[in-house]
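*Asks:* Sharing a structure with you now.
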Number of protein chains: 2
Amino acid sequence: MTPDPASPAEASSKTRLRLWLRLLKLTSGIEADLRRKLRDDHDTTLPRFDVMAALARHPQGLKMSDLSRYLKVSNGNVTGIVDRLAEDGLALRVAVPGDKRANLARLTAKGITAFDALAGHHENWVNDLLGGLTADESQTLTGLVEKALNQTEASDDPS
Amino acid sequence: MTPDPASPAEASSKTRLRLWLRLLKLTSGIEADLRRKLRDDHDTTLPRFDVMAALARHPQGLKMSDLSRYLKVSNGNVTGIVDRLAEDGLALRVAVPGDKRANLARLTAKGITAFDALAGHHENWVNDLLGGLTADESQTLTGLVEKALNQTEASDDPS
DNA sequence: GTTTAAAATTTCAAGCTTGAAATAAATTCT
DNA sequence: AGAATTTATTTCAAGCTTGAAATTTTAAAC
């Protein structure tokens, strides 16, 4: 028997904490799997994949600061990742005419080819990893996750 | 209108990919929030909190290798975190009688006190961050996440 | 009892991540 | 125009993370 809580509020607090631990276990596990596959099968990393995915969606290029905002990581972080992608010939920086401060990050042709291959694998991996859920369950789950997201976004942004 | 997919399998693959992106957004967002609060309000980090939580659950101490397995991180990783906790007087290493290779990591009295305070805040933070969900919704969500977990654990462990 | 293999840790290099400080260029104010 | 502010980006130090290599100790095999 579960010990009865002192109040309903305490009970739902425990329920939410339990939910958080499960969510964390699920996403950490999937993420670890994706990282391993990217590394072992494709000699790359999740941060590099994320940057390439962002650039693939913006063929005209993204300013470093926009890239950073889009991915919700620090400026210094994208600097390093784009540097390393550039070393491998997968991305490059393009000067912005009229603003000597800014650079557009873009995928090279080689980068586009590489990303297209990765993206297909990525979708398959995720599909397999979440294969325990039916389409209906996936949709229910997505709906609840989106509801939870609304709340965090609301409390995130105390404007 | 959504473009109709070539097959039901493709549709559910897209549904699962969408689910993954939402899950990632939710957990990354909450995690970032927790990291920020631990940092700004308590001058610590999530990895340190995780190690302290593991040690708090095992008052008799945990071997470094068990700690590493429990948290699913590398051996070298816990070495560094326990080093830094020890520098701050929150944890220490105890020799294992009869095995000169092994060490038990344990919280100090100071570490226990510090963790107890953190744990209370942590539960409240999570409760707030997931506050958009009713108790019923939390339970439904937990159930579905657990179902998804079973699958990943199954495919994770190709024994 | 040696040799061999296994187990427990640490060390290390490389990459990721952050926030803060430093540069440099554009914009705004007076 | 000249000064002050804002914007775009890089650099840096510190910590996290991993897998691989190195150490040390224990256990197993012969």
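*Asks:* Quick check on B:LEU55: is it within 14 Å of DNA strand C (Cβ to nearest atom), out of contact with any Ser or Thr (no Cβ under 6 Å at 6 or more places or on another chain), at pLDDT 95 or above and more than 14 Å from every other protein chain (Cβ to nearest Cβ)?
*Replies:* On the way: within 14 Å of DNA strand C (Cβ to nearest atom): yes; out of contact with any Ser or Thr (no Cβ under 6 Å at 6 or more places or on another chain): yes; at pLDDT 95 or above: yes; more than 14 Å from every other protein chain (Cβ to nearest Cβ): yes.
Spelling it out, B:LEU55 is indeed within 14 Å of DNA strand C (Cβ to nearest atom), out of contact with any Ser or Thr (no Cβ under 6 Å at 6 or more places or on another chain), at pLDDT 95 or above and more than 14 Å from every other protein chain (Cβ to nearest Cβ).
*Asks:* Assuming B:LEU46 fulfils every condition listed in (1) modelled with pLDDT under 95; (2) within 13 Å of chain A (Cβ to nearest Cβ) apart from one, which condition is it?
*Replies:* (1)
*Asks:* Give the residues of the stretch A:100-118 that are of a type in the set (D, E, K, R) and over 19 Å from A:THR79 (Cα atoms), sorted by residue number.
*Replies:* First pass over the stretch A:100-118, keeping only residues of a type in the set (D, E, K, R): A:100-101, A:106, A:110, A:116.
Passing the criteria: A:LYS110, A:ASP116.
*Asks:* Can I ask one more? So how many residues does the stretch A:136-159 have that are modelled with pLDDT of 90 or more and facing another protein chain (nearest Cβ under 7 Å)?
*Replies:* 12
*Asks:* If the Cβ limit is 8 Å and pairs must be 6+ apart or interchain, which residue in the stretch B:19-31 that is under 15 Å from A:ASP50 (Cβ atoms) pairs with which residue that is not in a helix (DSSP H, G or I)?
*Replies:* B:TRP20/A:LEU130; B:SER28/A:LYS72
*Asks:* Could I ask something else about it? Considering (1) crowded, with 16+ Cβ neighbours inside 10 Å; (2) assigned to a loop (DSSP other than H, G, I, E, B), say which one A:SER68 fails and leave the rest.
*Replies:* Condition not satisfied by A:SER68: (2).
*Asks:* So A:GLY61 clears everything in (1) surrounded by 15 or more Cβ atoms within 10 Å (Cβ to Cβ); (2) more than 13 Å from DNA strand C (Cβ to nearest atom); (3) under 26 Å from A:GLY131 (Cα atoms) except one condition, right? Which one?
*Replies:* With (1) surrounded by 15 or more Cβ atoms within 10 Å (Cβ to Cβ); (2) more than 13 Å from DNA strand C (Cβ to nearest atom); (3) under 26 Å from A:GLY131 (Cα atoms) applied to A:GLY61, the lone miss is (3).
*Asks:* Looking only at residues in the stretch A:71-120 that are within 14 Å of chain B (Cβ to nearest Cβ) and not in a loop (DSSP other than H, G, I, E, B), which one is farthest from DNA strand C (Cβ to nearest atom)?
*Replies:* Pass one, the stretch A:71-120, residues within 14 Å of chain B (Cβ to nearest Cβ): A:71-74, A:77, A:118-120.
Then drop every residue that is not not in a loop (DSSP other than H, G, I, E, B), which leaves A:71, A:77, A:118-120.
Values: A:LEU71: 8, A:ASN77: 3, A:LEU118: 14, A:ALA119: 17, A:GLY120: 21 Å.
Filtering the stretch A:71-120 for residues that are within 14 Å of chain B (Cβ to nearest Cβ) and not in a loop (DSSP other than H, G, I, E, B), the one farthest from DNA strand C (Cβ to nearest atom) comes out as A:GLY120.
The values are calculated or read from the model by the stated rules, or taken from the named source; none is laboratory data. As the structure is a prediction and not an experimental result, all values here were calculated from the model. Every residue, glycine among them, receives a Cβ derived from its backbone with ideal geometry; neighbour counts consider all protein chains shown.
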